[in-house]
Amino acid sequence: MSYYDPARMPSGAPERPGSPTVASPVSPGVGVAAAPGPSHPSRAASADPARDLVARDLVMTYGRSGASAGPPALGGVDLTIRAGESLAVMGPSGSGKTTLLHVLAGILRPTGGQVLWRGRDIARMSDRERTVLRREDFGFVFQQGMLLPELPAIENVALPLMLGGVRRSEAAARAATLFPPLGLSGLERRRPGELSGGQAQRVAIARALVGRPGVVFADEPTGALDQTTSAEVMHHLTQLAAHTGASLVVVTHDENVARWCNGVVRVRDGRIAPDADDAHADADAHAHADAHADSHVGTGRVEAAPTAAR
Ligand SMILES: Nc1ncnc2c1ncn2[C@@H]1O[C@H](COP(=O)(O)OP(=O)(O)O)[C@@H](O)[C@H]1O
Ligand SMILES: [Mg+2]
């Protein structure tokens, strides 16, 4: 089983931002008018609680005593991540980006608020339920790939499937389908230490997506990479997410990384900054906002976004 139409996905060729396979209207590379195609799932006209990831009034205070712990890491965040779309989360160090990502992904239980996913509140699930959810519904990419150094790339990718009960041979076969479209053909038996930084992150992307998650969470996925390699990694990450229909949440410091996503929100002091639309205050962004008037760019809330085009 292949996840791709190979004709749409260059493999091995040097990728560049804005190549014709990139469907995101806000991706870099001005001048490439990429019409949304099958790789860019159309957005529903209104929120779909059955498929979106919805955070309501999220509050997170670290430590046992909320009163003495200082300001909360999250001070009431409302956010909707639409099915199939990609969202960049930007903001200064310490602003709460990682906390937000971890709460959305069920890694941390918030002090208050809801995280609604497929009709259930993740914030109220037991640890055990959240563990299953993370394994079955979510995928993760971290700054350093966090691959297991002893395992060849193919086994690193197959591992989440095997942990979920898929037979080894089938898991390996499914993992193998992801190598060519990610430009990793021939590297299946390499161990992580024998891969470049960009190759290792592409293996991590394959691992995150192999289980066909509903949402992929990436925390500074290009933080250890140079600009060219970052662009390649974001190209692959956004493409693979789009092809599999996964939503994507990318925490990044880097505007060039954020531009690969459909939307951006900015976090300041544990809140979504209201002026987030400054992030794409250029022609691309306006084209994007016009084409996607329901975008959450500018508000942090998909539902409220028609103002995004201002
Ligand atoms: N495990 C933790 N225990 C206590 N405080 C934490 C912990 N993790 C993060 N914080 C604090 O929460 C705030 C937000 O941190 P974080 O979400 O990591 O920000 P960012 O990812 O934007 O750099 C910071 O003040 C940080 O010091
Ligand atoms: Mg962080």
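So here's what we get for this one:
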| read-out | value |
| --- | --- |
| Karplus-derived 3J(HN,Hα), 6.51/-1.76/1.60, for each residue of the stretch 163-169, Hz, glycine and proline x | 5, x, x, 6, 4, 4, 5 |
| Built amide H within the under 5 Å cut-off of G113, gap 5+ | V59 |
| Approximate spin-label separation S196-D226, in nm, with each point projected 7 Å along Cα-to-Cβ | 0.8 nm |
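Every number in this text was worked out from the coordinates using simple rules, so none of it is lab data. All figures in this text were calculated on a predicted structure; none of them were measured in a lab. FYI the Cβ positions are ideal-geometry reconstructions off the backbone, even for glycines, and counts take in every protein chain you see.
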